[in-house]
Every structure is written in C-alpha cells, then in structure tokens.
Amino acid sequence: MKSYNDSIHNLVYNTDASHLPQNVSTEVFIPENKDDVIDIVKKAISENKKVICRWWWTNLVWNCLPNSDTIVIDLSKLNTVLEANDNSVTVQPWITNDQLNEKLAEKWLIFPVVLWSHAWAEIWWMIATNWAWMRAIKYWKMEERVEELDVLYVNKDKEVKVERLNKEESKDFLWSEWKIWIVLEVKLRIIPTPWKSSIDFKSFSTSKEALDYVKEIKDQDIKELSALEILNPQVAWYLSLENKYYILAEYEDINEWSIKDENEIRDIRAKRDSCYAVSINAWYDQIEDPQIPLDKAEEFFARFEEKQIPIFWHIWIGVLHPHFKSSQKDLVKEMYGLVNRLWWKVSWEHWIGKKKEEYLSDDAKNKNMLIKDKRDPNNIFWF
C-alpha cells in the first residue's frame, strides 16, 4: 500500500486545532478497507513503531499528532453506511454526524446524539469521547446508543486481532481517546425522526435569574424537553444579541408558549451552532470543556464574566465551554484550579490528550493507565 512522507503530508499531519503544532517526519497511510488497516498495523509492529489514527483537523487537545516513531493511519475513506433498519444502523468509523443523519433522513430516521460540530464530527470520535451534547436530556451519551463495535487490537503476543464487542464489552473504548485500539465498524441504536419541535429562547439580565429559570424547568420534569443551553453575555454579544444571558430550551412537541415557526427555529439553532465560530472570530480561539454542577455554575460565571470570557453551557450534562485567547494561559490554569476545587471534571467532551494531562487528578491518571495496560499491553496505540 502506498504511503506518504513528503513535506506536504508532514506539514498537514503535524498540525491540528490544539495550537501545539510540531515538526516530525512521519509515514502516512490512507486505507480503503478493513484489510488495509490490518496490514498497516502489522507493518508498524514489524518495524517497532507505534500507531496513531488521524481524523478531522479540529482536534483540540493534541491527541492525534504523531511522534517520530509513529505510523499515521488516516481513516477518512472508511465513511459509509453498511446496513440500516428501523432500529439500528451499522457504519464505518469516519462517517460524520451529518452524513449519517442525511442518509437516515431518507427513511424518516435519526441518530439522536447531535453535536454542535455535527458537520465534521465523526462517529468514531464521538464514541471515543462518549459525547452527548444537544439532546443529552432525552438521549444521553454515546454509551446509550452503541450496540456493537468491531475493533482491531494487538494482544500481549503482538498479534493483530479483530473482535466484535457487545454493548457491555464496548465500555472500555468509550472515553479511551483512541489509545487502545481501532474501531472498524459501529452498530448504533437509532429512532424515528420526531414529527414536531419547538424552541423556547429567553433572555435574563443576570446569571442568577437564568439559573433559577433552569432549576424551574428541571423541577417540571418535562418529558418532551430534549435540549437545554445557556449562552453568557459575551457569546450573545458576538451573536448580535443583547448583552444578556440566554436560555435555549428545545422540545419534541409544540408548546403554546414556545417558538413554532420553522424558519425562526432554524435561525436560533444556527446561532447556537455558531457560538464557537463567533468566539474564534473575536480571537477567543482556545475552547475548553470542564464539567460543573448546577449549584456551582453561578460562582463559575461570576469569576469569568468580569474577565469578558465567552461561555456557553450544555446544562443537562454540566459541560461549560469557556473560550480563551492564546495569550491567556494563566487564566486557563486558574480556571482548571477552580474546577478541581469544585471537585468536578477538567474535561468531558474534548477529553485529555497531551494538553490537559497536567490538570488530571492522580486517580484519573491511574484509571486511564489500568485500561491502557489491559487493552494495549504493548503500547502500540500511544502518542
């Protein structure tokens, strides 16, 4: 199989969105099927090299950049729907959130875990970081949707194996961050497309008012509620909204008090999806993803509002996305110190990579290494 190690490929595969580019000589392969992937991993083992898989160039935490002794596998050609019925769909790993749902829409079906980065988020990335996001209230995380995984791994004798894992056996891969094996196929649980939807989009002068409204919604336990988001005043300003806090609540039915017009709903969804882009355009190009409980959110907002930090928050899973400028490294460190003092998680969606290792607790590091030792004893899939 042809490999690439020219200057252009070295430049491309040494760069991602982590703001930590490097310059090492590497060998890149772009397989067209499962057998190609198997052959590439065998080649790496025979040459005593490690393997790293590459996905979209939006990676934020430096966990897909190679070392000098690494073979890069670009899985971008493994991107098709293999099989689908009314309850499940089997896909190759590189298919994106949007590509999958475009295919399913032909049969009035949907994969309900939908990300803000749905245009380029591959299913394999969503699994390896156990994503949730927009519809987390109703459909929760990827682990609720994964039925089976076909994975390639290397056993303790350095033999390349391919195995089909059931839902329970797949759990080690969720959160594994691509460090222990390669996903070749995924079977996912899907649902019929909801027939109705509406949106509630309200503004509030203070974070306390906004959070009180969130608590009111949560206390109602509305079964049709599928998404709940907060935008802080800085993000709102970049979206050409009033300088206030905004609550976005989405429902899978029509409520008399909510917005029903499809064009208006589409416009509000577009604003939500562009929170990251508008923050980057304002030079806040470093996005983080700590998890904070609801009762600590007001303290968090207050700490960073005075510093003009844009933040949007997936309330139901507690994930905040504060944006920082590349010059604000001390502020990022201060934020993670606050997160650790609140006894919560330093990352939920983007995960750890090399960029956030220093913020991990010893318990979290030990847990990750136990899984690594169990599933990849020869440290083949490392970076």
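May I ask for the Kirkwood hydrodynamic radius of the chain, worked out over all distinct Cα pairs and given in angstroms to one decimal? With all distinct Cα pairs of the chain included, I get 21.9 Å.
Measuring against 20 Å, Cα to Cα, the residue pairs Lys202/Lys307; Lys43/Lys356; Lys158/Lys179; Lys141/Lys187 contain Lys202/Lys307; Lys43/Lys356 as the ones spanning a longer distance. Against the main long axis of the alpha-carbon atoms of the chain, helix 362-375 sits at an angle near 40°. In this structure, Ser76 and Lys2 have a Cβ-Cβ separation that, at R0 = 22 Å, corresponds to a calculated FRET efficiency of about 0.90.
The longest part of the chain holding none of the exposed loop GluC sites (Glu not before Pro), meaning those outside H, G, I, E and B in DSSP with at most 13 other Cβ atoms within 10 Å, is 307-383.
When the gyration tensor of the stretch 64-140 is built from Cα positions, what are the square roots of 5 times its three eigenvalues, in whole Å, from largest to smallest?
Largest first, the stretch 64-140 gives 25, 16, 10 Å.
Looking at the stretch 113-193, the trypsin sites (Lys or Arg not before Pro) that sit in a DSSP loop and have at most 15 other Cβ atoms within 10 Å of their own Cβ are Lys156, Lys158, Lys167.
Rounded to the nearest 0.05, the FRET efficiency derived from the C-beta distance between Glu163 and Glu224 at R0 = 30 Å is 0.15.
Note on Leu370, Leu320, Leu225: ascending count of other Cβ atoms within 10 Å places them as Leu370, Leu225, Leu320, the fewest first.
Max-minus-min Cα coordinates of the stretch 198-346 on each principal axis give 47, 32, 23 Å, with the largest extent listed first. Note on the stretch 124-195: along the principal axes its Cα atoms extend 51, 20, 17 Å, ordered by decreasing extent.
Only the coordinates and a few stated rules stand behind these numbers; no lab work does. Model, not experiment: these values are computed from the prediction. For neighbour counting, all protein chains shown are included, and Cβ atoms are generated from backbone atoms with ideal geometry for every residue, glycine included.
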